[in-house]
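Below: the structure, in structure tokens.
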Amino acid sequence: MTTTKLLKTLEKRIEFKDKLISTFKVEEDKPQVIKIGNSKSLIDSILEVDSKCHKVDINAQIKDIHLKKMLEAEKAEFEIFNISDEYILKNNQSDLLIGETTYTAKSDLLDYYSFSKFANYCRDKDFSDLIDTIKEYLFSKNSANTDQKSLRLVHKFEDDKYYIRALTSTNGYQDFGINFSVFVALVALADYVEKSNNEIYINKYKVDDSHIYVSFALRNEFKVNEKITLSFNLVLENDEIKRNAVSFNGIFKLRWEESDKKSEIYLKPTGVKKEDKNHPVDLLTYQHRGNVQGVFDKIQKLPDLIDFFISQVSEDAKRISRISHPDDIRKFIRDKVKNSRKAEFQTYKKDILNKLMSVSVTNTFKLFELLREVEDLFEHDDIVSINFWRTKLYESLIEKK
């Protein structure tokens, strides 16, 4: 894939295009090859998502945002008056927009009035008259409320409807969205490939109109000792809905080799350990604020951070290789799973417990094999649950070596 195709991701969100091109020194008239495997597939997926919708952010005063109707689950319809955005005016033919909430936008909007939970109660009890009374009260109370909020909208072409994705502050927020973060990652990692003896390919990704997850696998392996080899995946995550920063973290593959036997497991540390922090932190982040130069300055540190993270986990891997009571580890992990309450994990909990209790393990190879079989129980694209498991696995192996 070339930089020409990569630049297509900036065509619909052009706010930072010129600054990205100049800061990251991408020459539009001199296409360069991005030497990252499967990057074309990722960009094709992003462009396909972009072809099905249009994202727009608008500022609105609270007096112009009215609850229209409560819907099932965590959804509601809101009326937004006095729209001035050119795209919406052209396509909606009106300065009144009706938007349906997605994600947590309903709660975010109604929580402004401390009304979210009670509104759900009224809806579930079919107290529609009471909801109407409260709507009228809120309309009257806020008729002169000029407090401004930024609404993140998406216009989906398939049903020609507008959806309210999120409510954000109007103070300093920068739209460092999916396309921005992928551009930054691919250009930076392509430079890393050119300057190192490593290769990178994308081994997994998931993207929709509001979220992206990309796993970049580094092909080089690092021999920890005579039994364990380590390899590294850099993970990019960006959520246009949450207020979290764009983040880079790591997933490690440990391969155990003994005689003619091989097995491997994946571990996800909670973050990198730094002397000036009391707890592990993301490998690298940048907030949805600031400027392109600030992002560029941060991303230049990525190669050194990757090397530092690998060396740190290599030390952890040495400790794992010295496990003396593997069946105690199995029981410890079993108890961690049993006590887990994460909602996304509950689907797999019974099967995982059955698998962990199905056998005893007498050596580390058999422990690796059992843990590998547990990961096979997850749906391939259930990234949240898989990574939750990998994090718990890492913690367990380090805590009870």
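The values are calculated or read from the model by the stated rules, or taken from the named source; none is laboratory data. Predicted model only: the values in this text are computed from it and were never measured. Neighbour counts are summed over all protein chains in view; Cβ atoms, including those assigned to glycine, are modelled from backbone coordinates with ideal geometry.
Side notes on the structure shown:
- Within the range 73-87, the set of residues being farther than 19 Å from ASN145 by Cβ and either more than 26 Å from the chain's Cα centre (by Cα) or of a type in the set (S, T, N, Q) (or both) comprises GLU77, ASP85, GLU86, TYR87.
- Counted residues, the range 229-280 - those being small (Gly, Ala, Ser) and under 30 Å from THR101 (Cβ atoms): 2
- Which numbered condition LYS25 misses (of (1) under 29 Å from LYS298 (Cα atoms); (2) at pLDDT 95 or above): (2)
- In the range 296-328, residue farthest from VAL246 (Cα to Cα) [restricted to those that are of a type in the set (Val, Ile, Thr) and in contact with a helix residue (DSSP H, G or I) (Cβ under 6 Å, 6 or more places away or on another chain)]: ILE323
- Contacts under 8 angstrom Cβ, first residue in the range 360-384 being free of Cβ contacts under 8 Å to residues at least 12 places away in the same chain, partner of a type in the set (Gly, Ala, Ser), 6 or more apart: GLU379/SER385
A quick yes/no check of all residues on (1) outside the structural domain of SER196 (by TED's automatic domain parsing); (2) closer than 30 Å to VAL154 by Cβ; (3) not polar (S, T, N, Q):
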{"residue": "ARG243", "(1), (2), (3)": "no, yes, yes"}
{"residue": "SER247", "(1), (2), (3)": "no, yes, no"}
{"residue": "LYS253", "(1), (2), (3)": "no, no, yes"}
{"residue": "ILE265", "(1), (2), (3)": "no, no, yes"}
{"residue": "PRO269", "(1), (2), (3)": "no, no, yes"}
{"residue": "VAL292", "(1), (2), (3)": "no, yes, yes"}
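- Of all the listed residues (ILE14, ILE58, ILE43), the sole one being among the aliphatic types (A, V, I, L, M), more than 22 Å from ASP297 (Cα to Cα) and not assigned by TED's automatic domain parsing to the domain that holds SER143 is ILE43.
- Residues satisfying the stated conditions in the range 169-195, i.e. farther than 20 Å from LYS17 by Cβ and in contact with an Asp or Glu (Cβ under 8 Å, 6 or more places away or on another chain): VAL193
- Subset of the range 153-183 [over 19 Å from ILE212 (Cβ atoms) and assigned to a loop (DSSP other than H, G, I, E, B)]: PHE157, GLU158, ASP159, ASP160, SER169, THR170, ASN171, GLY172
- Test: residue in the range 287-302 that is closer than 22 Å to LEU393 by Cβ, modelled with pLDDT of 90 or more and within 23 Å of the chain's Cα centre (by Cα): no
- When we screen LYS106, LYS90 for residues that are buried (at least 18 other Cβ atoms within 10 Å of the Cβ), in a helix (DSSP H, G or I) and within 33 Å of the chain's Cα centre (by Cα), the only hit is LYS106.
- Qualifying residue in the range 191-199 (condition: surrounded by fewer than 17 Cβ atoms within 10 Å (Cβ to Cβ) and either assigned to a strand (DSSP E or B) or not assigned by TED's automatic domain parsing to the domain that holds TYR266 (or both)): no
- Any hit, the range 240-258, residues being over 22 Å from LYS392 (Cβ atoms), among the aromatic types (Phe, Trp, Tyr) and surrounded by 14 or more Cβ atoms within 10 Å (Cβ to Cβ): no
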